[in-house]
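Asks: Sending over a structure as structure tokens; questions will come in a sec.
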Amino acid sequence: MFKENLLSLSAIALLLLYVGPKLWQRLQLSLAKHPSMAGHLRWAKRLAHWAPAYDYLGAQWFRADHAPEAVALQRQQALQRLGSTLGQRSPKTLAMTQATKPMVSDMQLISRYRVPFQFQKFLSENLQVGSYWTQGKGVWVADADDQWHMDVTGSYGVNLFGADFYKSCMQEGMDLVRDLGPVLGAYHPCVQENVAMLCQLSHKDEVSFHMSGTEAVMQAVRMARFHTGKRKLVRFTGAYHGWWDDVQPGPGNPMPPSDDTLTLNEMHTQTLKVLRQRNDIACVLVNPLQAMHPNKAAPSDSTLIDGSRQLHYDKAAYAQWLSQLRQVCDEKGIAFIMDEVFMGFRLGYGGAQAFFGVDADLVTYGKTLGGGFPVGVVCGKAQWMRRFREDKPGNICFARGTFNAHPAVMGAMNVFLKRIQEPAIQTVFQKMEGLWIDRMQQLNDQLKGQGLPVRVVGMATVWSVVYEVPSRYNWMLQFYLREQGIALSWVGTGRMIFNLAFEEAHFADFCSRFIKAAHAMQNDGWWWTAQGQSNRTIRREVMREMVRVKWAG
Ligand SMILES: Cc1ncc(COP(=O)(O)O)c(C=O)c1O
């Protein structure tokens, strides 16, 4: 009996010895996850699958917040007016959009997710926004009906210097490579200059060319895995790094989250602890845009169901976080990848590395760097970039791509890189941060002075609109802005991306349009709120609605 007990105790002890460290590691990992749903991707995916579809129709659409009849009527008239104004202004553009939409899946997706889903169907029957632009000039874009809008779509971030800048980069770039045409494989001589300029501005030793930001990130991660022999990549909650499975592991990706991707809490000491404790991490991916909203996904009006959108940008705190991260990466031989695809040159000539004072091992660029053409670039320290091993000829990290370093892209990049070195643009870079902080302050002062319940928060030229009213209709502002001739991307007021061609007069014009839009929205009753209504009560009510629909169906 005693012998048997001893045997089972030893078995338990052995089991604990084996399982204990794993359990401990799992616990540490759980503690390093952000407590929100965005930090728990399996649960987020389950919830996304569970959420039922339903629409607000007719009167209910205008009274989702139980507004009185009179307010609902005011809103109804406003929607009719907005719909007919936009429709009359741009009939050709809207007809083209309607004709193409059934055949372009991406167009369908973005028009479906401009506003919270409950409002989408009725809205699309009453108000349409076109998906065609035919001209870009300075800070403006025109649709097929020659309607000019101030462009704060930013072309997903590409447009940093205004449309004309890129038009001339593209033209001059094409002129530069005209004699070579579409020849691929070997390089156009301008690549020699491009590489030198890229190494100089990134403070790295080597460069690789790709066709998109997503590909650049894939390659950087691949190099980190090749050189460390480890599989795990660490990304931070909410950060976007392109649409490749491993870096977009939550809702939106049909596959379950990869076991090789750890999504951790950014700016948290437990994350540093996990990085220190584990020995299976190849790289840490940082998207400096997250400094604006650590651990949150980029704001979009499709999720603006109330007024709780908040952003917290603290440059010094983020810089300190990056330096702590850098230190752990050094201690553990983890590759520090700075993903500058979006923010890169928006933070200055030296990008996020210089802006936050951190030296990454690998840096990814894209968007604006192509001078208007599609591109992805990795710049890195030599020890991370080498794709083969001197001592093992069979051990290579294969990464190519037919259109890498395409002459047209390299030509436009050459023009872009040379121009941004000119003293005039260097001065623009130096003044950029202060200038856009001042502008943000100016607009916020005006909004406050006029009793409007909206504010803007931003990091250099990238801004988001935040709301002081717990309203179910804050997303309507995007259509009032459109009416005032301001073009936003499909994420609406979640993101306004300015370009540096905005002179003082343009900005003053922008502010007056913005303020007019906000006044009109206020006067039309969309910011009416019931007594006691808060962001919390809205969220609860929406959740109850979903449960009811689920139950019934
Ligand atoms: C930080 C970041 N990384 C990667 C990407 C992906 O770039 P692309 O859309 O060119 O594939 C993006 C795109 O928005 C991005 O913002």
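Asks: For the structure I just gave you, tell me whether Met343 is under 17 Å from the mean Cα position of the chain (by Cα), open to solvent by less than 30 Å² (accessible area, probe 1.4 Å) and over 18 Å from Val158 (Cβ atoms).
Replies: So Met343 does not fit the description; no.
Asks: If a residue must be farther than 23 Å from Pro299 by Cβ, assigned to a helix (DSSP H, G or I) and of a type in the set (S, T, N, Q), how many such residues does the range 237-276 contain?
Replies: 2
Asks: Filter the range 486-511 for residues that are out of contact with any helix residue (DSSP H, G or I) (no Cβ under 9 Å at 6 or more places or on another chain) and open to solvent by less than 60 Å² (accessible area, probe 1.4 Å); which is nearest to Phe62 (Cα to Cα)?
Replies: Checking each candidate, the answer is Asp509.
Asks: Mind counting the residues in the range 327-346 that are over 13 Å from Ser202 (Cβ atoms) and part of a helix (DSSP H, G or I)?
Replies: Count: 7.
Asks: Here's a check for you: in the range 226-277, which residue that is among the charged types (D, E, K, R) and without any contact (Cβ under 8 Å) to a residue 40 or more places away in the chain is surrounded by the fewest Cβ atoms within 10 Å (Cβ to Cβ)?
Replies: If we take residues in the range 226-277 being among the charged types (D, E, K, R) and without any contact (Cβ under 8 Å) to a residue 40 or more places away in the chain, then Asp259 is surrounded by the fewest Cβ atoms within 10 Å (Cβ to Cβ).
Asks: Which count do you get for residues in the range 241-265 that are within 16 Å of the ligand (Cβ to nearest atom) and more than 20 Å from Ala220 (Cα to Cα)?
Replies: Qualifying residue count for the region: 3.
Asks: For the structure I just gave you, tell me whether Val328 is within 14 Å of the ligand (Cβ to nearest atom) and open to solvent by less than 60 Å² (accessible area, probe 1.4 Å).
Replies: In short, no.
Asks: Pick from the range 297-325 the residues that are within 16 Å of the ligand (Cβ to nearest atom) and outside any loop (DSSP other than H, G, I, E, B): which of them is farthest from Arg276 (Cα to Cα)?
Replies: Restricting to residues being within 16 Å of the ligand (Cβ to nearest atom) and outside any loop (DSSP other than H, G, I, E, B), the top hit is Tyr318.
Asks: Take the residues of the range 202-217 that are buried (at least 22 other Cβ atoms within 10 Å of the Cβ) and not hydroxyl-bearing (Ser, Thr, Tyr): which is nearest to the ligand (Cβ to nearest atom)?
Replies: Top of the filtered list is Gly213.
Asks: So which residues in the range 351-371 are out of contact with any Gly (no Cβ under 8 Å at 6 or more places or on another chain), of a type outside the set (D, E, K, R) and outside any helix (DSSP H, G or I)?
Replies: Selection gives Gly357, Val358, Ala360.
Asks: Could you identify the single residue in Gln120, Gln135 that is modelled with pLDDT of 95 or more and in contact with a helix residue (DSSP H, G or I) (Cβ under 7 Å, 6 or more places away or on another chain)?
Replies: Just one listed residue meets the conditions, Gln120.
Asks: Continuing with the same structure: Residues of the range 371-382 being among the hydrophobic types (A, V, I, L, M, F, W, C), more than 13 Å from the ligand (Cβ to nearest atom) and open to solvent by less than 10 Å² (accessible area, probe 1.4 Å), which ones?
Replies: Result: Cys379, single match.
Asks: A further question follows. For the condition open to solvent by 70 Å² or more (accessible area, probe 1.4 Å), within 24 Å of Trp243 (Cβ to Cβ) and touching a residue at least 24 places away in the same chain (Cβ under 8 Å), what is the one hit in Thr364, Thr368, Thr303?
Replies: After applying the criteria, what remains is Thr303.
Residues are listed down the side, and each one gets a yes or a no for (1) more than 29 Å from Val115 (Cα to Cα); (2) at pLDDT below 80; (3) open to solvent by 90 Å² or more (accessible area, probe 1.4 Å):
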residue: Ala11; (1), (2), (3): yes, yes, no
residue: Leu16; (1), (2), (3): yes, yes, yes
residue: Arg26; (1), (2), (3): yes, no, yes
residue: His40; (1), (2), (3): no, no, no
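The values are calculated or read from the model by the stated rules, or taken from the named source; none is laboratory data. Only a predicted model underlies this, so the values are computations on that prediction, with no experimental measurement involved. Using ideal geometry, Cβ is built from the backbone for each residue, glycine included, and neighbour counts are taken over all protein chains shown. Surface accessibility is based on the protein's heavy atoms, side chains included, excluding ligands, DNA and RNA. Shrake-Rupley method; radii C 1.70, N 1.55, O 1.52, S 1.80 Å.
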